[in-house]
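A quick write-up on the structure given underneath.
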Amino acid sequence: MRKILVVSGPTAIGKTSAGIFLAKKFGGEIISADSRQVYKELNIGTGKDLPKNSKFLILNSKFPKFDIGYYKIKEIPVWLLDIVSPKRQFNVADWLDCADLVIKDIWQRGKLPIIAGGTGFYIRSLINGIGSLGVSVDKKLRKKLEKLSVKELQNKLRNVAPDVFMGLNKSDRNNPRRLVRKIEILMSKIKKRRKKITADYLVVGLRADNKIIYRRIDQRVEERLETGLINEIKSLLGKKMSWTDPGMNTLAYKEFQPYFEEGQSLDDIVRRWRFDEHNYARRQLTWFKKNQKINWFDITAKNWQAKMVKLVVKWYGERNDSQGSKN
């Protein structure tokens with residue numbers, strides 16, 4: 001059976017770096033599972049960390065509505081970044097369609113697909129399939145939704161698209177009309193994808209003490225500010241991006257609306273941003289803890305990388321000549 005390696009864990013833990021490390025050892029290519037990095041032009045806030053003068057190489061795809069391609073980071077192809085405009089909604093079914101195409105392409109070239117990212121819903125849906133999302137898409141959908149309480153609507157949206165739910169502000173989360181509309185839009189687009197990609201999966205999880213994760217998040221926040229996040233947001237707003245656009249209504253961007261529109265102090269904005277990132281990390285850890293098949297490695301432990309490699313070798317074997325061939 002063909003194999004897929006998954007590297008998961010909370011934000012700022014180093015998933016992409018670990019994925020690239022493993023890709024070099026086992027002849028692999030990275031497929032990003034990050035619901036924020038799919039958006040074009042959102043580079044600094046989402047932490048794409050692309051090398052200067054990176055070229056985006058496009059794969060001829062059956063899905064002309066998306067730009068499916070890869071950048072090379074440390075000579076390793078990293079797929080499924082910059083798929084779609086920040087103005088456009090992108091859901092788990094869209095990501096699965098793109099991932100399916102890329103995985104097959106990687107397999108055909110004798111390489112190992114390595115899924116690296118922190119969007120647990122994407123990863124779970126890849127391994128298990130979406131299945132029934134709990135409500136059918138038909139003309140009676142709105143009538144059914146309007147009978148639900150705000151709490152029930154919140155749970156429904158959280159189940160359909162947890163990252164969309166987490167991107168909502170407090171007002172939208174408690175507004176039944178907006179919750180109904182969000183669910184309608186998502187449910188009209190998400191296909192009933194009952195089939196999973198059949199493969200032998202090995203799931204590796206990276207973790208650390210919460211204090212260490214928070215410290216890494218805070219350091220990354222400072223680095224992104226120094227790199228020019230505020231200017232990036234100014235540029236996006238200058239291109240007629242709206243705070244309600246899917247890309248802008250996400251972590252590292254939505255927190256800055258009061259800064260630009262109400263003159264709120266940068267210190268207050270950064271404090272809120274850090275809090276939201278910490279909260280997101282906690283939610284990710286809660287999500288991943290439900291998966292008993294994850295093989296966890298503490299990044300502060302001695303020789304954790306060597307132990308991780310040993311596990312992958314046991315599952316995958318040593319890299320062979322065909323896997324080491326160039327693109």
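The values are calculated or read from the model by the stated rules, or taken from the named source; none is laboratory data. Treat the numbers as computed from the prediction; the structure is a model and nothing was measured. FYI the Cβ positions are ideal-geometry reconstructions off the backbone, even for glycines, and counts take in every protein chain you see. SASA here: full protein model, heavy atoms, side chains in, ligands and nucleic acids out. Shrake-Rupley method; radii C 1.70, N 1.55, O 1.52, S 1.80 Å.
Just one residue in the set Leu157, Leu168 is open to solvent by less than 40 Å² (accessible area, probe 1.4 Å), at pLDDT 70 or above and part of a helix (DSSP H, G or I); that residue is Leu157. For Lys72, state whether it is closer than 16 Å to Ile30 by Cα, out of contact with any helix residue (DSSP H, G or I) (no Cβ under 9 Å at 6 or more places or on another chain), surrounded by fewer than 20 Cβ atoms within 10 Å (Cβ to Cβ) and among the basic types (Lys, Arg). Criteria met by Lys72. Restricting segment 138-154 to residues that are without any contact (Cβ under 8 Å) to a residue 24 or more places away in the chain and of a type in the set (Asp, Glu) leaves a set whose member that is least open to solvent (accessible area, probe 1.4 Å) is Asp138.
Residues in segment 246-283 that are more than 30 Å from Val203 (Cβ to Cβ), open to solvent by 20 Å² or more (accessible area, probe 1.4 Å) and part of a loop (DSSP other than H, G, I, E, B): Glu262, Gly263, Gln264, Ser265. Residue check: is Thr286 open to solvent by 50 Å² or more (accessible area, probe 1.4 Å) and in a loop (DSSP other than H, G, I, E, B)? When the stated conditions are applied, Thr286 does not pass them. When every residue of segment 29-43 is checked against the conditions, none turns out to be open to solvent by 10 Å² or more (accessible area, probe 1.4 Å) and of a type in the set (A, V, I, L, M).
The C-beta contact set for segment 233-262 (first residue modelled with pLDDT of 95 or more, second residue aromatic (Phe, Trp, Tyr), distance under 6 angstrom, 6+ apart or interchain) comprises Ile233/Phe256; Glu255/Trp273; Gln257/Trp243.
I'd like to verify a number: residues in segment 223-269 that are among the acidic types (Asp, Glu) and over 21 Å from the mean Cα position of the chain (by Cα), how many? Working first, answer last.
Applying the first criterion (among the acidic types (Asp, Glu)) to segment 223-269 yields 223, 226, 232, 245, 255, 261-262, 267-268.
When the remaining residues are screened for being over 21 Å from the mean Cα position of the chain (by Cα), the result is 226, 261-262, 267-268.
Qualifying residue count, segment 223-269: 5.
Have a look at Gly45, Gly14, Gly28 and point out the one that is on the phi > 0 side of the Ramachandran plot and not basic (Lys, Arg). First the steps, then the outcome.
Working: Gly45 fails: on the phi > 0 side of the Ramachandran plot; Gly28 fails: on the phi > 0 side of the Ramachandran plot.
Being on the phi > 0 side of the Ramachandran plot and not basic (Lys, Arg) holds for just one of Gly45, Gly14, Gly28, which is Gly14.
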